[in-house]
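Contents: one structure, followed by commentary.
The values are calculated or read from the model by the stated rules, or taken from the named source; none is laboratory data. What you are looking at is a predicted structure, and each value in this text was computed from that prediction instead of being measured. Using ideal geometry, Cβ is built from the backbone for each residue, glycine included, and neighbour counts are taken over all protein chains shown.
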Amino acid sequence: MGEILTNAPAEPAGAVTYAAADGLLSSVWLLVAIPLVSAAILLLLGRRADRWGHWLGVAAIGVSFVLGLASFFQLRGLENKSVELSLWDFISVGGLRVDFGLLFDPLAAVFVLLITGVGFLIHLYAVEYMAHDAGRRRFFGYFNLFVAAMLLLVLGNNYVMLYVGWEGVGLASYLLISFWYERPSAATAGKKAFLMNRVGDAGLAIAIFIMFATLGTTQYDEVFSGVGGLAGGTVLVLGLLLLLGATGKSGQFPLQAWLPDAMEGPTPVSALIHAATMVTAGVYLIARSNPIFSANTTLQLVVVSVGALTLLIGCIIGAAKDDIKRVLAWSTVSQIGYMFLGVGLGGAAYALAIVHLLAHGFFKANMFLGAGSVMHGMHDQVDIRRFGGLSKYMKVTWITFMMGWLAIIGMFPFSGFFSKEPIIVAAFEREDWTAWLFGGAALVGAGLTAFYMTRLFVLTFHGPKRWTEDIEHPHESPALMTIPLILLAIGSVGAGFLLSTSVPDWLEATAGLGGQEEGHEAVLSHGVITTLSLVVTVLGAGLAWFLFRNGTATAPQPAGVLVTAARRNLYTDAFNETVFEKPGIFLTRALVFLDNRGVDGLVNGLAAAVGGGSGRLRRLQTGFVRSYATSILTGALLVVAAFLAVQAGWLA
Amino acid sequence: MSELKLPSIDYAAVAPILIMLGAALVGVLVEAFVPRRSRHLAQLTLALLAVLAALTMVVLNADDRLITAGTAIAVDGPTLFLQGAILVLAAMALLLIGERALERGGAFVAQAAVTAESADDRRQAEGASGATEVYPLTTFAIGGMLIFVAANDLLTMFIALEVFSLPLYLLCALARRRRLLSQEAALKYFMLGAYASAFFLFGVALIYGFTAGVPGRSSGVDFATINAAVTESPASRVLLFAGMALLAIGLLFKAAAAPFHVWTPDVYQGAPTPVTGFMAACTKVAAFGALLRVFHVAFASANWDFTPVLGVVAVLTMLVGAVLAVTQTDIKRLLAYSSIANAGYLLVGVLAPSKDGLSGTMFYLVAYGFSVLAAFAVVTLVRDGDGEATHLSRWAGLGRRSPFYAALFTFILLAFAGIPLTSGFTSKFAVFGPALAEGRAWLVVAGVLTSMVLAFPYLRVVVMMWLSEPGESTPTVAVPGALTSAALMIGVVATLVLGIAPAPLLDLATGAAEFVR
């Protein structure tokens, strides 16, 4: 263990410089401004915009996508592919200076294309999906707000700008999860998401302050250039706090519990925010901060461990769930675990993680929208035990979902194969026995993924019908919903190969990313690993097919220890309740008690004990001046005593 | 008996103070001689003109760095910045106080002496013209605050404390509706305020004793003498530290820091809402101005030994404010606890003994003042037949009824929650940054964590306003008159501008962040 937990820099950090933006690239700020203005119009105009509001929302994202594409091609022709655009001085207090500025580089560019491209398709789908909802205009307002915040997050040129976007997407996500406020579960889920995200946000905020304190800046280039000069311990703390932020946003261990509950929101929200984009912000944060993470091997080990652990947790729980959206949500948790594994491995694997992130954006959005299409035809039923045989009735949904399914389980030649398999290989390329640990976890995860995704697919589209009585003839969704499905399905087929052959080279120009490092010799040969991963995939899928080809019981069955634990989210909720919720409630109660009556109650309690009358106790109530005065006096005595203790040299 | 020698006074430098106190005296005469019908307009105009004139003098004095009136008044960067802040915020508060379009006769009772809840009282609540004495009282309070932040010795500071506190006690008792609550608030504030003043005065006495016996200096309570005595006095340091503690208690009471915050929720709830806004914005500025001066000037050479103690107070204040805000069901009490938590964040700035810490704290005071006044302006608008509807359950679905005002309030709440692109974010940044640079990491960690908690009650209100159906009891939002609209818009625009481009005000604060000694 000794040589693993060293604080030695994994690789020296070089100086980082960005070029100034000109030409078309000087208008990248429009990428953020267009959806933002559209959101403002939709939210401020109120009902007057009800009739055409959704089309404005769709158009705003479409325009952003075209602009993003144009900027992307512009960037390709440049020598220094990191272009900075400083808009104005945001905050400057004495030595501290924060720029309100944007950075358009290869990493940001691929994110912009993912967010606006997949975002556009999901917006299009939502026009139809939300057609019968009275709040459709408001929904598109929040949706555009989200896209603006997400673009700001990936386009900022310093950590404070990233934090601005980070808070913005959190806010939009919170509003959208609670969108169907009349459902109590939606309100609770919104609250849970909010609170767990705040834990992560606090980590990120403190990390940013530490950068200020130690480096005096939060600009990416200055931080990355200066991080080499920091003490190992500082880098470790900084990285762990950033990781805490990333785990909160991306639903990774130990803050994973909110993501599946967030599925209470409308399905397009689940597809865009909780599958394709926002939840990958944590991966973006770590990839962007790679000079920090690469500067400390312990840090990388922690990230890899979080990734490996989460990917297994996600698989195990996903295999025990019966709600179609929740299974997909746990699979998102698990797939992001693969991405964390990738970014944690460092070196060339950063690019692999980004490739997987982009490919995942396509196939997961595809499957979520497919699930929405199924629910649309089945009276909002979400229980996969009550589906079955839908392949005959929903041909388009069936075929497109099949593409997504084959992609996520990593079957050759679908996109998941090209994006996930290299991460498994990279996990086997570590130097010591941890290669077996993490490589093994990734391989087992691939088998489990094949199992539970096949279970989902078979139970939904094949086998006997197990519908509730009120459904006679499920219908296929209208064209406005199926066209995005078809486009995303094409992406699920082809994106992986295209991305895995182009993106690593493209990302090379981003600071520290790309294949500049020669991989270590893997403990197994490349061919063996590929064969193994295909074999476990086929085994997992085959087992699921064998078990579920004849359907399943429509009610929960008694189960063994492991399945029960998985159904209860491996008891992580119980853990959170004991460790965070109960003490929080206790603290609140204690403070309320002390603030209102504590000191007075003490005094009166003594008096009552002496007087011996219960009548006196009943008179205890809040708001007496004398109890306030007693509390002030107590405080005063403590403060004076503390000052005198300082004087005597006990404190300070 | 030696001849009494009058100190020389730089009248231009103290002109803002003189203008406000003079206007207050004229206001008393207006009460006596102007006919009742035209008093309201005359008083409001007088008060606003006085504030404007005083503000002009502050701007003209912008480059003054001097001590005048013997050693009683210091006119320097922080004084002028804070005086300007108090005057601008007071002008907004006066706009709220002067509003009469929302309710017949305005937010204040006609005759405070009528027995509460009696038939007479109900009759006068229905539309008797409100007492115009509120204007001279407010003007006196503003004058007192201007002295408070300029005071260069502890006695002047004490007198200023009383000059601005006494009118505030009275103002709290003048709510038109819920008279008992209002009177109770005033009485509580008065009794506890008197109690806290006693601590302050006792502290002054101990410090005076400590300054005795420094070779070549006479004893005194001006800050230069205290500062010299801290390093040179032969007296026991117990006197110094006990005195410092008692002084701090008196000031922390006004600043609403735990455990001296207990009065805040009751008083904020009972006082007429415009007065609550005035206290939340201007009293905070004054109290923290005094804290800054006492600790940065008088006790600067005590090596900041007291930082751990005040740090604990700061953490406790943040914690109490944030956690208890979660349990509140009344919007005014919620804002009261939020103001307590903000006192904690401001203390973090006070405890960063650097120029940046000073300028960050001053920036925070201004930014917070604008937001909190705008918040209370919205509170005055949400009403039903019985006046303001402050219970939170009544705010459910407000976004459906009045999207515009609900949107403005949402924006203010997001600012309180410290969401970026509002002044709430930049101002927290401006105090936490310097505190961290001075090695107060634990305070910053506590600040970040509690502000994460504090965001929750704010967003709960946002969600209630937007994501609930309006119920039977959802009140209407009154259409505000020009005065409230002006105050509200100034507050909202300032919150936005200071959130997006805070640099000009920060530069101003940085330029002003140097005390004369």
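When you go through (1) within 21 Å of the chain's Cα centre (by Cα); (2) farther than 19 Å from residue B:365 by Cα; (3) at the interface with chain A (Cβ under 8 Å from one of its Cβ atoms) one by one for residue B:437, which number turns out not to apply?
(1)
Report the residue count in the range B:254-269 for those that are more than 7 Å from chain A (Cβ to nearest Cβ) and either part of a helix (DSSP H, G or I) or among the small types (Gly, Ala, Ser) (or both).
10
Pick from the range B:456-508 the residues that are within 14 Å of chain A (Cβ to nearest Cβ) and not in a helix (DSSP H, G or I): which of them is farthest from residue B:413 (Cα to Cα)?
B:471
Which members of the range A:203-215 meet the condition of being within 8 Å of chain B (Cβ to nearest Cβ) and in contact (Cβ under 8 Å) with a residue 40 or more places away in the chain?
A:205, A:212, listed by residue number.
Considering only the range A:392-446, state which residues are β-branched (Val, Ile, Thr) and assigned to a helix (DSSP H, G or I).
Of everything in the range A:392-446, those that are β-branched (Val, Ile, Thr) and assigned to a helix (DSSP H, G or I) turn out to be A:396, A:397, A:399, A:400, A:408, A:423, A:424, A:425, A:434, A:444.
Only one of B:380, B:317 is within 18 Å of residue B:269 (Cα to Cα), surrounded by 24 or more Cβ atoms within 10 Å (Cβ to Cβ) and of a type in the set (Ser, Thr, Tyr). Can you tell me which?
Answer to the selection: B:380.
Of B:312, B:275, B:285, which residue is at pLDDT 90 or above, part of a helix (DSSP H, G or I) and within 14 Å of another protein chain (Cβ to nearest Cβ)?
Matching residue, one of B:312, B:275, B:285: B:312.
Considering each of B:427, B:485 in turn, give the residue that is of a type in the set (Ser, Thr, Tyr) and under 30 Å from residue B:310 (Cβ atoms).
After ruling out the rest, the residue left standing is B:427.
Looking at B:287, B:300, which one is under 30 Å from residue B:374 (Cβ atoms) and of a type in the set (A, V, I, L, M)?
Of the residues listed, the single one that is under 30 Å from residue B:374 (Cβ atoms) and of a type in the set (A, V, I, L, M) is B:287.
Might you check whether a residue that is modelled with pLDDT under 85 and touching a strand residue (DSSP E or B) at 6+ places or on another chain (Cβ under 8 Å) occurs anywhere in the range A:389-406?
Among the residues of the range A:389-406, not one is modelled with pLDDT under 85 and touching a strand residue (DSSP E or B) at 6+ places or on another chain (Cβ under 8 Å), which makes the answer no.
Taking the criterion of being touching an Asp or Glu at 6+ places or on another chain (Cβ under 8 Å), part of a helix (DSSP H, G or I) and within 21 Å of residue B:332 (Cα to Cα), would at least one residue in the range B:174-183 satisfy it?
yes
Does residue A:194 count as in contact with a helix residue (DSSP H, G or I) (Cβ under 8 Å, 6 or more places away or on another chain), more than 30 Å from residue B:397 (Cβ to Cβ) and facing chain B (nearest Cβ under 8 Å)?
So residue A:194 fails the test.
Give the residues of the range B:128-156 that are outside any helix (DSSP H, G or I) and in contact with a strand residue (DSSP E or B) (Cβ under 9 Å, 6 or more places away or on another chain), sorted by residue number.
Passing the criteria: B:130, B:131, B:132, B:133, B:151, B:152, B:153.
Please work out which one of (1) surrounded by 23 or more Cβ atoms within 10 Å (Cβ to Cβ); (2) in contact with a strand residue (DSSP E or B) (Cβ under 7 Å, 6 or more places away or on another chain) is the condition residue B:222 fails and give its number.
Failed condition: (1).
Would you confirm whether any residue within the range B:185-204 is within 30 Å of residue B:169 (Cβ to Cβ), away from chain A (no Cβ under 14 Å) and either modelled with pLDDT of 90 or more or crowded, with 21+ Cβ neighbours inside 10 Å (or both)?
yes
Examine the range A:354-367 for a residue that is farther than 21 Å from residue A:419 by Cα, more than 16 Å from the chain's Cα centre (by Cα) and at pLDDT 85 or above, and state whether such a residue exists.
no
Which of (1) in contact with a Leu (Cβ under 8 Å, 6 or more places away or on another chain); (2) closer than 24 Å to residue A:35 by Cβ; (3) facing chain B (nearest Cβ under 9 Å); (4) part of a helix (DSSP H, G or I) does residue A:179 not meet, given it meets every other one?
The single condition residue A:179 does not satisfy is (4).
Yes or no: residue A:239 touching a Ser or Thr at 6+ places or on another chain (Cβ under 8 Å) and free of Cβ contacts under 8 Å to residues at least 24 places away in the same chain?
When the stated conditions are applied, residue A:239 does not pass them.
Can you tell me which of A:523, A:528 is assigned by TED's automatic domain parsing to the domain that holds residue A:347, surrounded by fewer than 22 Cβ atoms within 10 Å (Cβ to Cβ) and at pLDDT 80 or above?
The match here is A:528.
Residues of the range A:38-74 being closer than 30 Å to residue A:218 by Cβ and crowded, with 23+ Cβ neighbours inside 10 Å, which ones?
Matches in the range A:38-74: A:38, A:39, A:60, A:61, A:64, A:68, A:71.
Go through (1) in contact with a Phe, Trp or Tyr (Cβ under 8 Å, 6 or more places away or on another chain); (2) more than 10 Å from every other protein chain (Cβ to nearest Cβ); (3) at pLDDT below 80; (4) farther than 23 Å from residue B:428 by Cβ one by one and return the number of the condition residue A:154 breaks.
The number of the failed condition is (3).
Only one residue in B:65, B:100, B:104 is more than 26 Å from the chain's Cα centre (by Cα) and basic (Lys, Arg). Which one?
After applying the criteria, what remains is B:104.
Test residue B:239 against the criterion of being in contact with a Phe, Trp or Tyr (Cβ under 8 Å, 6 or more places away or on another chain), within 30 Å of residue B:187 (Cα to Cα) and either without any contact (Cβ under 8 Å) to a residue 60 or more places away in the chain or surrounded by fewer than 22 Cβ atoms within 10 Å (Cβ to Cβ) (or both), and give yes or no.
no
With the range B:324-403 as the region, which helices (runs of 4 or more DSSP H) entirely inside it contain at least 2 residues that are at pLDDT 90 or above?
Because the criterion is at least 2 residues that are at pLDDT 90 or above, the helices (runs of 4 or more DSSP H) in the range B:324-403 that meet it are B:331-350, B:355-381.
Given the condition in a helix (DSSP H, G or I), closer than 23 Å to residue B:438 by Cα and facing chain A (nearest Cβ under 9 Å), answer yes or no: does some residue in the range B:220-234 qualify?
no
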